[in-house]
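Visitor: Submitted below is the structure of interest, expressed as structure tokens.
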Amino acid sequence: MKRKAGQDRSITANWRPATLAIRGGTARSEYGETSEALFLTSGYTYDKAADAAARFAGEQEGMTYSRLQNPTVEMLEQRIALLEGAEACRTMATGMAAMTAALLCQLQAGDHLVGGRAAFGSCRWLTDTLLPKFGIATTVVDARDPQAFLDAVRPETKVFFFETPANPTMDVVDLRAVCGIARERGIVSVVDNAFATPALQRPMDFGADVTAYSATKMMDGQGRVLAGAVCGSKDFIDNTLLPFTRNTGPTLSPFNAWVVLKGLETLDLRIQRQSQSAITVGRFLEGRVPRILHPGLPSHPQHDLAMSQMSATGPIFAFEVADRAQAHGLLDALALIDISNNIGDSRSLMTHPASTTHAGVAEDKRIEMGINEGMLRLNVGLEDPQDLIDDLDQALRQVGL
Ligand SMILES: *Cc1c(COP(=O)(O)O)cnc(C)c1O
């Protein structure tokens, strides 16, 4: 592999995000391929036994085993780190592998974590079930209120963990305030930035220490592969995260890494267009349904905060109809928009969180999180927004709205 401009920080430092998304991290083999090569290999060979020994000792550059390094995976890691403005990145097999590794790598029995209450269902399972099982105490708070984080801090608090905007209620967390509280106390803030991606929001610019991603969502953006990533300082990635992941093995497959590399090439285009369409569709729904939760619309109570830390608000928002029966009826009446719990896809997808993504969260906790029985979550894709509005219009009519 030749080191190319895409890997040279002195050159990439001047590149803007749209350029980084296409060229960041690129390294070419001896064939000079234009598109990144896909290295489907689990191992690597050595010319001499001494080379193997030197590589294992860390004295010779080169790869040893694809659980630890792979050229295609490394290109993706460098590209994400550059987009994030992070010193380093490691990819994982899924978003949940990324969240789990980002937390477990730095916590131990006796520690305490403060988490956001509104969160992806499996992230809530980490804070409510997995961590306590290993003696790590957790407190979940209404993350819209920075004071709630402060009030929950204990001497043994090591990590703040939250997402913004949060799934599926679209709660927005004040990154500057909450990460500031963490910084002052030596607490590590871990931000799940899956909804926004670095194309719309860079939490580290507001003081976040670690960002974690489901790259399954906007980064692939076409509903093809599962992938995850964790970004942070070189010290955190190399000395805290890496010892955990290289020995536990939540490694991303090179094929999936390659697909996400292709996805990133169009991330900026897609997310801008989908954000715009989500505003158009949101405006249509605003007058038509009892309640809409869309941080890009002035009706959202945290609209100003969202706009102060995001360049656009992304493809996802939620809205409410009367109850589960009406929500299911609306889903069943859709002719274009698919019933699907995925997000970040170029196809428009709608789901009923209470009976799908958050069905595993106890009902009282669901209500506390603000997920009621009439809530629907919409991912606005790349279709013509007028076709989406027409579909919603006929479906709403069928359920009497
Ligand atoms: C999807 C998602 C995850 C989990 O990612 P997977 O790739 O499905 O494992 C975590 N957090 C948020 C906010 C998500 O949307």
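No value in this document is a laboratory result; all are computed from the given coordinates. On a predicted model such as this, the values are computed, not experimentally measured, just so you know. Glycine gets a Cβ as well: all are built from the backbone with ideal geometry, and neighbour counts include every protein chain shown.
Visitor: Going by amide H atoms built from the backbone, whose H comes under 5 Å of the H on Phe39, apart from near neighbours?
Guide: It is Thr72, by chain and number.
Visitor: Order these by the 10 Å Cβ neighbour count, fewest first: Met310, Met1.
Guide: Details: Met310 22, Met1 15.
By the 10 Å Cβ count, ascending: Met1, Met310.
Visitor: Let a ≥ b ≥ c be the square roots of the eigenvalues of the Cα gyration tensor of the range 107-198; is it rounded (a/c under 1.5), or, if not, prolate (a/b larger than b/c) or oblate?
Guide: Values: a/c = 1.81, a/b = 1.19, b/c = 1.52.
Verdict is oblate for the range 107-198.
Visitor: Okay, next question. Rounded to the nearest 0.05, what FRET efficiency is calculated for Ser299 and Leu38 with R0 set to 41 Å and r the Cβ-Cβ distance? Present the calculation step by step, with values, prior to reporting the outcome.
Guide: Values: r = 46 Å, r/R0 = 1.11.
Computed FRET efficiency for Ser299 and Leu38: 0.35.
Visitor: Could you go through the range 374-386 in sequence order and give the Karplus-derived ³J(HN,Hα) for each residue, using 6.51 cos²θ - 1.76 cosθ + 1.60 with θ = phi - 60°, rounded to whole Hz, and x for Gly and Pro?
Guide: x, 7, 10, 10, 10, 9, 8, x, 9, 5, 5, x, 5
Visitor: A follow-up question, please. Can you work out ³J(HN,Hα) from phi for every residue in the range 32-37, in order, using Karplus 6.51 cos²θ - 1.76 cosθ + 1.60 and θ = phi - 60°, giving whole Hz and x for Gly and Pro?
Guide: Per-residue couplings from phi come out as x, 4, 6, 7, 4, 6 Hz.
Visitor: Check which residues have an amide H placed less than 5 Å from Asp171's amide H, if you skip close sequence neighbours.
Guide: HN-HN under 5 Å from Asp171: Ala166.
Visitor: Please give the direction-averaged projected area of the C-alpha convex hull for the range 268-398, in square nanometres with one decimal.
Guide: On the way: hull surface 30.7 nm².
Taking the Cα atoms of the range 268-398, their convex hull projects to 7.7 nm² on average.
Visitor: Using R₀ = 35 Å, calculate the FRET efficiency as 1/(1 + (r/R₀)^6) where r is the Cβ-Cβ separation of Glu61 and Glu383; round to 0.05.
Guide: Numbers: r = 46 Å, r/R0 = 1.33.
Efficiency computed from Cβ-Cβ geometry: 0.15.
Visitor: Fully extended, how many nm does the chain gain between Ala109 and Leu242 (0.36 nm per residue separation, minus their Cα-Cα distance)? Display every interim value, and only then the final one.
Guide: Details: separation 133, 0.36 × 133 = 47.88 nm, distance 1.97 nm.
Contour length minus Cα-Cα distance gives 45.9 nm.
Visitor: Once fully extended, how much extra length lies between Glu363 and Leu130, figured as 0.36 nm per residue of separation less the alpha-carbon to alpha-carbon distance?
Guide: Details: separation 233, 0.36 × 233 = 83.88 nm, distance 1.89 nm.
Gain on stretching Glu363 to Leu130: 82.0 nm.
Visitor: Return the single residue from Ala54, Ala227, Ala21 with maximal mean-square fluctuation; model: Gaussian network over the chain, springs between Cα atoms under 10 Å.
Guide: Ala54
Visitor: Which lysines have a Cα lying under 21 Å from the Cα of Lys365, excluding residues fewer than 8 positions away in the same chain?
Guide: Lys365 reaches Lys133.
Visitor: Build a GNM of the chain with springs between Cα atoms under 10 Å: which of Gly62, Gly116, Gly85 gets the top mean-square fluctuation?
Guide: Comparing Gly62, Gly116, Gly85 in a Gaussian network model of the chain, the most mobile one is Gly62.
Visitor: Right, something else. Based on alpha-carbon atoms only, what is the radius of gyration of the range 292-357 relative to the globular estimate 2.2 N^0.38 Å?
Guide: Numbers: Rg = 13.5 Å, N = 66, 2.2 N^0.38 = 10.8 Å.
For the range 292-357, the normalised Cα radius of gyration is 1.25.
Visitor: For the pair Ala13 and Asp47, how long in nm is the line joining their label points, each one 7 Å along Cα→Cβ?
Guide: Computed distance between label sites Ala13 and Asp47 equals 3.3 nm.
Visitor: Still on this structure: Run down the aspartates and glutamates and flag those whose C-alpha is under 19 Å from the C-alpha of Lys4, throwing out any fewer than 8 positions away in its chain.
Guide: Straight-distance partners of Lys4: Glu30, Glu33, Glu36, Glu61, Glu74, Glu77, Glu87, Glu265.
Visitor: Express the C-alpha Rg of the range 336-387 as a ratio against the empirical globular expectation 2.2 N^0.38 Å, rounded to two decimals. Don't skip to the end; give the middle numbers.
Guide: Numbers: Rg = 12.5 Å, N = 52, 2.2 N^0.38 = 9.9 Å.
It is 1.27.
Visitor: Cα centroid distance between the range 18-34 and the range 97-173, in Å?
Guide: 37
Visitor: Additional query: Quick one: length gained pulling Lys4 to Lys234 fully straight, 0.36 nm per residue minus the C-alpha distance?
Guide: Working: separation 230, 0.36 × 230 = 82.80 nm, distance 2.07 nm.
Between Lys4 and Lys234, full extension yields an extra 80.7 nm.
Visitor: Next up: Taking amide hydrogens as modeled 1.01 Å from N in the peptide plane, which residues meet the under 5 Å criterion relative to Ser189, leaving out close sequence neighbours?
Guide: For Ser189, the qualifying residues are Phe160, Asp209, Val210.
Visitor: Which one of Ala194, Ala306, Ala322 has the biggest mean-square fluctuation once the chain is modelled by GNM with Cα springs under 10 Å?
Guide: Sorting by GNM fluctuation, first place goes to Ala322.
Visitor: Can you tell me the order of 107-115, 95-103 when each peptide is scored by its average per-residue count of other Cβ atoms within 10 angstrom, highest first?
Guide: Values: 107-115: 18.6, 95-103: 25.8.
Going from most to least packed, we get 95-103, 107-115.
Visitor: Taking the Cα centroid of the range 276-305 and of the range 198-260, what is the distance between the two, rounded to the nearest whole Å?
Guide: 30
Visitor: Can you run phi through the Karplus equation (6.51, -1.76, 1.60; θ = phi - 60°) for the range 199-210 and list ³J(HN,Hα) in whole Hz, with x for Gly and Pro?
Guide: 5, 10, 7, 10, x, 5, 5, 10, x, 5, 8, 9
Visitor: Would you mind giving the three semi-axes, in whole Å and largest first, of the ellipsoid equivalent to the chain according to its Cα gyration tensor? Walk me through the numbers before you get to the answer.
Guide: Details: eigenvalues 263, 132, 67 Å².
So the equivalent ellipsoid measures 36, 26, 18 Å along its semi-axes.
Visitor: Per DSSP helix of 4 or more residues, -39500 (n - 2.57); summed, then divided by the residues of the chain. What does that give at 222 nm, rounded to the nearest 500?
Guide: Numbers: 16 runs with 146 residues, N = 401.
Rounded to the nearest 500, it is -10500 deg cm²/dmol.
Visitor: For a quick check: sort His358, His300 by the number of other beta carbons within 10 angstrom, fewest at the front. Each step should come with its number before you reach the end.
Guide: Values: His358 28, His300 22.
Listing His358, His300 from fewest to most nearby Cβ atoms yields His300, His358.
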